[in-house]
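Enquirer: Take this structure, written in structure tokens, and hold onto it; I'll ask about it next.
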Amino acid sequence: MISLLAATIRLPFLLIFAALLFSCGVYGVLARRNAVLVLMSIELMLNAVNVNLVAFSGYLKTLTGQVFALFVITVAAAEVGIGLAIVILIYRNRETINVDEVNLLKW
Amino acid sequence: MTSQEIAFVIVAGIGSLAALRLVTSKNVVHAALYLVLTLAMVAGVYLLVAAEFLAWVQVLIYVGAIVVLLLFSLMLTKAPIGRETLDNQQRGVAAIVGAGVLAGLVFLVQDTFRGTRIELQQAKTADVGISIFRDFVLPFEVVSVLLLAALVGAVVIARKDEAPSGGESRRTIVGPRQEVRR
């Protein structure tokens with residue numbers, strides 16, 4: 001019997017929360033047309049990965065997962081900066097950020 | 001259920017609902033505010049598993065910086081409001097794919113880690129710092145250079161060109177406006 005004050009948490013709780021966030025992000029990336037909303041969904045997926053990293057960091061009792069979550073946050077910041085610069089450039093040239101209409105590279 | 005688990009279920013439930021509303025909202029600004037809620041709840045989850053440094057980094061960088069950047073770009077690009085203009089026609093397929101990913105992941109997690117527990121012990125910020133600077137110095141430096149390159153790249157991409165002969169020239173990376181099909 002686990003007492004109410006024992007400092008434990010079930011690992012699947014964290015992993016299922018991450019899976020929920022990740023599938024919401026997948027849906028958003030596939031269903032949204034606005035490029036900024038697609039970027040937001042990508043942030044959601046990156047957060048799901050971070051939750052997984054932290055969960056396994058606690059499970060394995062090492063700090064490596066947390067350090068890599070920090071790296072992921074840094075890379076996400078860089079990605080958002082570049083992504084929004086591209087979005088603003090596309091908007092300036094074509095007056096739309098609808099990802100369905102930006103199909104110059106489509107064969 | 002331990003008290004940590006009760007708190008976790010509350011926090012994660014709010015976060016999941018906000019994530020769902022984020023990808024189904026009809027208003028882009030509401031979507032950004034739901035993103036704030038989701039990210040704050042993820043920070044709460046980090047606090048619950050005793051990763052306090054990561055929680056505050058999450059609040060500072062995600063809630064503080066990235067969401068503000070997203071809101072700025074929403075202001076600079078006039079985004080129409082409404083489900084027809086925000087979602088494309090493959091919404092049903094996207095929902096199926098998302099539900100499939102969720103079902104597969106939940107099945108795998110339950111199959112593999114049923115009943116596994118994490119013993120929470122506080123990760124001291126000093127230990128995180130020691131781990132970064134003792135074991136991960138090279139990745140740390142690579143990430144620093146990446147951030148610098150991204151900064152310079154974002155400035156170069158988003159800058160308006162001033163033509164040397166006085167007239168304004170537009171950059172032609174994206175190409176001329178095309179006729180919209182479909």
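Taken together, the values in this text are just the output of simple stated rules run on the coordinates, not laboratory data. Everything numeric in this text was worked out from a predicted model, so none of it was measured. Because the Cβ atoms are built from the backbone with ideal geometry, glycine has one as well, and the counts that use them run over all protein chains shown.
Enquirer: Only helical DSSP H runs with n ≥ 4 go in: add -39500 (n - 2.57) per run for the protein assembly as shown, normalise by residue count and round the 222 nm mean residue ellipticity to 500 deg cm²/dmol.
Expert: For the protein assembly as shown, the value works out to -23000 deg cm²/dmol.
Enquirer: Pop the C-beta distance of B:T85 and B:L148 into the FRET formula with R0 = 35 Å and round what comes out to the nearest 0.05.
Expert: 0.40
Enquirer: Another question, if that's okay. Give the span of chain A's Cα atoms along each principal axis, as three whole-Å numbers ordered largest to smallest.
Expert: That gives 63, 25, 25 Å along the principal axes, largest extent first.
Enquirer: So how far, in whole Å, is the C-alpha centre of the range B:1-33 from the one of the range A:41-107?
Expert: Comparing the Cα centres of the range B:1-33 and the range A:41-107, I get a distance of 19 Å.
Enquirer: Could you give the length gained on full extension between B:M75 and B:E119, defined as 0.36 nm per residue of separation minus the Cα-Cα distance, in nm?
Expert: Numbers: separation 44, 0.36 × 44 = 15.84 nm, distance 4.48 nm.
Result for the pair: 11.4 nm of gain on full extension.
Enquirer: Another question, if that's okay. Which value, to two decimals, describes the C-alpha radius of gyration of chain B once divided by 2.2 N^0.38 Å?
Expert: Cα-based Rg divided by the globular estimate yields 1.38.
Enquirer: Considering only B:A19, B:A158, B:A126, give the residue with the highest GNM mean-square fluctuation for chain B, with springs between Cα atoms whenever their separation is below 10 Å.
Expert: Highest fluctuation among the options: B:A158.
Enquirer: Need one number: nm distance between label points at B:F133 and B:V29, each 7 Å from Cα along Cα→Cβ, rounded to one decimal.
Expert: Calculated label separation equals 4.4 nm.
Enquirer: What are the extents of the Cα atoms of the protein assembly as shown along their three principal axes, listed from largest to smallest and rounded to whole Å?
Expert: 76, 45, 31
Enquirer: Test of understanding: in a Gaussian network model of chain A with alpha carbons linked when under 10 Å, which of A:N47, A:N93, A:N34 would top the mean-square fluctuation ranking?
Expert: A:N93
Enquirer: Working out 0.36 nm times the residue gap between B:Q110 and B:I10, then minus their Cα-Cα distance, what length gain in nm do you get to one decimal?
Expert: Full extension from B:Q110 to B:I10 adds 34.0 nm.
Enquirer: Cα convex hull of the range B:16-79: how many Å³ per residue?
Expert: Working: hull volume 3.6 nm³, N = 64.
About 57 Å³ per residue, rounded to a whole number.
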